[in-house]
1. Quickly work out the residue 662-to-residue 290 label distance, labels modelled 7 Å from Cα along the C-beta direction, and quote it in nm with one decimal.
2. Amide H neighbours of residue 655 under 5 Å, counting only residues 5+ apart in sequence or on other chains, H built in-plane at 1.01 Å?
3. Mind listing the phi-derived Karplus ³J(HN,Hα) values for the range 705-715, rounded to whole Hz, using 6.51, -1.76 and 1.60 with θ = phi - 60°, and x for any glycine or proline?
4. What's the ranking of 652-664, 416-428 by average number of surrounding C-beta atoms within 10 Å, highest first?
5. Take the Cβ-Cβ distance between residue 21 and residue 526 as r, set R0 to 60 Å, and report the resulting FRET efficiency rounded to the nearest 0.05.
6. Between their Cα atoms, which of 192/416; 419/516; 563/701 are more than 29 Å away from each other?
7. Compute the distance from the alpha-carbon center of the range 302-368 to that of the range 135-179, in whole Å.
8. With each pseudo-label sitting 7 Å past Cα toward Cβ, what's the residue 155-residue 220 distance in nm, one decimal?
Amino acid sequence: FSWGRFRNIMLKMFPVLNWLFSYRFREWILRDLYAGLSVGMFQIPQGLLAVWLTRLPLPNINGFLSAFCCSMTYVIFGTSHHISVGSFSILNVVAMNILKTFNFNQTLSSNGSLDNFSDPTFMKDYMEALALTASITFLTGIIQLLLGCFCLGFVTTYVPRTLIDAYLTAAALHVIVSQFTFIFDLMLEFHKGPMDIFYNLFHFFLALPKANATSILLFLLSMATLRLTTSIMVTYKRIPIAFPMELLLIITVTIISNRIHLHAESSGAVVSMIPQRFLPPTLPDLSNLSKIILHAFSLAIVSYFLLVFVGERYASLYNYNIASNQELIAVGLCNICSSFFKSFVVSCAISGTVIQGKTGGRTQLAAALGASMMLVIALKLGRFFQVMPNGILAAIVVFNVLPFLEKFLDIPMLWKRDKYHFVIWLVTFAAVLCFGLDVGLAIAMGFTFFIITIRSHRMKMVVLGQIPNMNIYRSLSVYRAAREIEGIKIFQCCSSISFANMNHFKTYLLHKMDMKAVPLDEREMRALISDGLSDTAVERKDLKCSCVCDPPLPPPRIPYTEKLVKRRHADSNSSSSSVNLVHWSKYGEKLSSQTLLVGAADASPGFNTGLPTEKNEDEGRRACLSPGSAIDNSSVQLDREEQPMHLPCPVHTVILDFSMVQFVDLMGSELLRQLIHMFHNSGITVLIAGSHSSVIADFEKNDFFDSCVTKETFFLTLHDAVLAALGKHQKPDELEPTVKE
């Protein structure tokens, strides 16, 4: 224990302390007051419209107390400086559809008055609907709190910025469509399910003849006013702040609507029939836990990701960081508080967050001041806001979510920069738009993880050459100055090797070596197996008697199951006289000769093709074989009548640059070991350079090393591997530098 550690724990548990003790009072207080007043005034009519949208008659005092407690909870436990917590229209519609599945249609669609609440049956259904809403909200908060305690918020670190932008763009469109009820003054049933946004648009289009012209006119005038005031900017201490048009518009329209009847629908039509009495906090009823847990889990995921996505956007805009796990805990506590007041699931109020950001809010003090002002004004003067036309607030909501649609303009640039992210953007946007915020998020996350997996396991290899007279090696296809070293092939692996890309690794390597792999026949396989067994076991391999009580012997380890042959090109006019038959006699008399077809035209022009002496033949064989190679006999013949002719190997060493390899899994290690054995059997040495210590540790865990594949073939740098290969295969006089060098 130490005071420093205790301080860090407290700052992590209560992020409010991070900015509270470093608050710049003179610089920030007026900006936070200004932002808090704007957000607080906006939250009053927004809370009234939430009752209208869901048609669940929740008393105003419960709704405002819930909003106040949720805001203060997030101020204490949240890490974002600009998030405004509140009800979200899409989540409210989802909660309404959940209640409909429990046969609360009469309560939700009632157009009656206070007389309905005197009916015992209606009152019973009403209280049950509120209790079920509280249970869903409470369970949503518990799920979020548990996920945060188990540190599962790290999932957001794997979410790319393109997914966040596409998700928020589609969510903004859902919000705009949900405001059509207030814009056209039409009360329609929202369709829930796949393609629901298109169904709702279609039904609104059919109902347009019944729309309220006054409500549409007020919406258009408000949008024009808000758009014109974007050119007006208030500067405070050389920092531009948006003009408070939303605040002035709400106050002005509230005063006018209380003096003049504007013939437009307002929230007072629903609020007036609700008994304005406080429903005390009660513990949620979890008797329907099994029926609502899936709905609660879906709401928990959508509520959290929506809050984190908006928080990440503002954090990157204002250059600070948010803690994903702490955000999960904060929104979970907010929903638990909301459930005690029988209110709905809360998340990030997008419009309130935009207003708080553009009016200059610096810290969550703006949210605390706004929540306090909202509660005081709503309890004392809330009745004056009930006559405010719904179209005015719909204009404010739509205007403040329009900036999220600006990402459409970045699509062409995204296509030029990264096509993978472009595909992620399109899939996320289409999925969220067509299937909703919950199912669409699942589809987008699954598709994104699939793309990330494909990209991380996609094999990319390049052939390297040396920059003359330097220890620098670069791609032959990119750098003109790079030259390939005679007898050495250098391959750089630019990704990790796993079961997903190991076949591509093998195919690329053999293609560049102009070889192909052919399966061993039965006799060769038996020879390999018998070679791995003891001499006693070899003598009795056909018949062996043992006690069944004895533990079975482990199967012999087969170094490889394929052999390498030279690839025959279809465009070459090969004939029997132009094909050399090279015999590799690895196992002496125990194994018959393996054949390697080598085209005469494939030989490098620098190699000697004359008739060698016995000494030269032995030197050539040593140049092709690595030390310790099992290949002990080679001969070349054209026909039975022709004399043997020596054909040196065009490549004697393959170097694999593993400096960019992060890991090699079990299947990749097994394939790499077999390739090394196959090249070794063909007289080609394989060296590995630049491996990280973690990769070598993976090799050790995967039982990669044996008598042929040893750590002597691993080198610290690529240049060390090249020097080792040249030292083993060049003549002593070739190693001495010339006068020019």
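1. Placing both labels 7 Å beyond Cα along the Cβ direction yields 4.4 nm.
2. When sequence neighbours closer than 5 places are left aside, the close amide H contacts are 489, 490, 491, 687.
3. Per-residue couplings from phi come out as 7, 8, 5, 9, 9, 10, 6, 5, 8, 9, 10 Hz.
4. On the way: 652-664: 20.4, 416-428: 17.3.
Descending packing order for the listed peptides: 652-664, 416-428.
5. Numbers: r = 78 Å, r/R0 = 1.30.
Rounded to the nearest 0.05, the efficiency is 0.15.
6. Details: 192/416 37 Å; 419/516 33 Å; 563/701 26 Å.
Table pairs above 29 Å Cα-Cα are 192/416; 419/516.
7. 11 Å
8. 4.5 nm
The values are calculated or read from the model by the stated rules, or taken from the named source; none is laboratory data. Everything numeric in this text was worked out from a predicted model, so none of it was measured. Cβ atoms come from the backbone with ideal geometry, glycine included; neighbour counts cover every protein chain shown. The area values use the complete protein model at the heavy-atom level, side chains included, leaving out ligands, DNA and RNA. Shrake-Rupley method; radii C 1.70, N 1.55, O 1.52, S 1.80 Å.
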